[in-house]
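Let me begin by presenting the structure, written as structure tokens, before commenting on it.
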Amino acid sequence: KKIFKKKQILNYLLDAFIPSIKKKKTIKLPLLLSLFGFEIPKKNNNFLIKSGINILVIGDPSSGKSQMLKGFEKLAPKSIFLTGQGSSTKGLTASLKYETISEDWILEGGALVFADKGFCLIDGVEKLGVQDHIFLMEAMDHQTISIKKNGISNILKTRCTVIATSSPIEDYYRSENSFSKNFPGEENFIEKFDILISMRDI
């Protein structure tokens, strides 16, 4: 109650939100709003209404983007954190496991599935493969992913907000270029995000 009586409540919350990242309130604001603004998507006239805010941050080396993502992870009520480097499609979506007791194959969910109704935080999303980006686009578009492996076909729920970071295609973010030209990947991939943020080390 004391917090909500403060006159400058938004500034207060931004200062308290990931305090290790200072003087970057315009960058922290959409992250803070996404933390408070998640609701379970509902269908209206067969169209999916999604309320999560998917965010992509392109940041210079040592700009604090990974630190920011880890800080967000500590505050989110439910989140899955993974790095693009070394992550596989199985770890992101789902994998098949042979169950010796039932003598059958079963699906084990990956990060997007475990993050259902929460947040999927990806540090270094540009290091994921093209197929992983396709699954991510499906998850952000439809809040589900389609899996077809070894005769098993299933649709898994991924009603999560995706917050991802990326390094720029060159050594540093070039402000004279568009956001898409600074991203080392497919342009149609970044179009699936609701908010695009550049984070510069200046």
Given (1) modelled with pLDDT under 90; (2) touching an Asp or Glu at 6+ places or on another chain (Cβ under 6 Å), where does Gln85 come up short, assuming only one miss? (2)
Which of the residues that make up the range 89-110 are touching a residue at least 12 places away in the same chain (Cβ under 8 Å) and open to solvent by 10 Å² or more (accessible area, probe 1.4 Å)? Thr89, Lys90, Gly91, Ser95, Leu96, Trp105, Leu107, Glu108, Gly109
How many of the residues in the range 181-202 are outside any loop (DSSP other than H, G, I, E, B), modelled with pLDDT of 90 or more and within 17 Å of Leu128 (Cα to Cα)? 4
Consider the range 177-197. How many of its residues are open to solvent by 50 Å² or more (accessible area, probe 1.4 Å) and either in contact with a strand residue (DSSP E or B) (Cβ under 9 Å, 6 or more places away or on another chain) or small (Gly, Ala, Ser) (or both)? 5
Select from the range 125-176 the residues that are modelled with pLDDT under 90, buried (at least 20 other Cβ atoms within 10 Å of the Cβ) and part of a strand (DSSP E or B) and list them in ascending order. Ile145
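The values are calculated or read from the model by the stated rules, or taken from the named source; none is laboratory data. Everything numeric in this text was worked out from a predicted model, so none of it was measured. No Cβ is skipped: glycine too gets one built from the backbone with ideal geometry, and neighbour counts run over all protein chains shown. Only protein heavy atoms, including side chains, enter the accessible area calculation; ligands, DNA and RNA are left aside. Shrake-Rupley method; radii C 1.70, N 1.55, O 1.52, S 1.80 Å.
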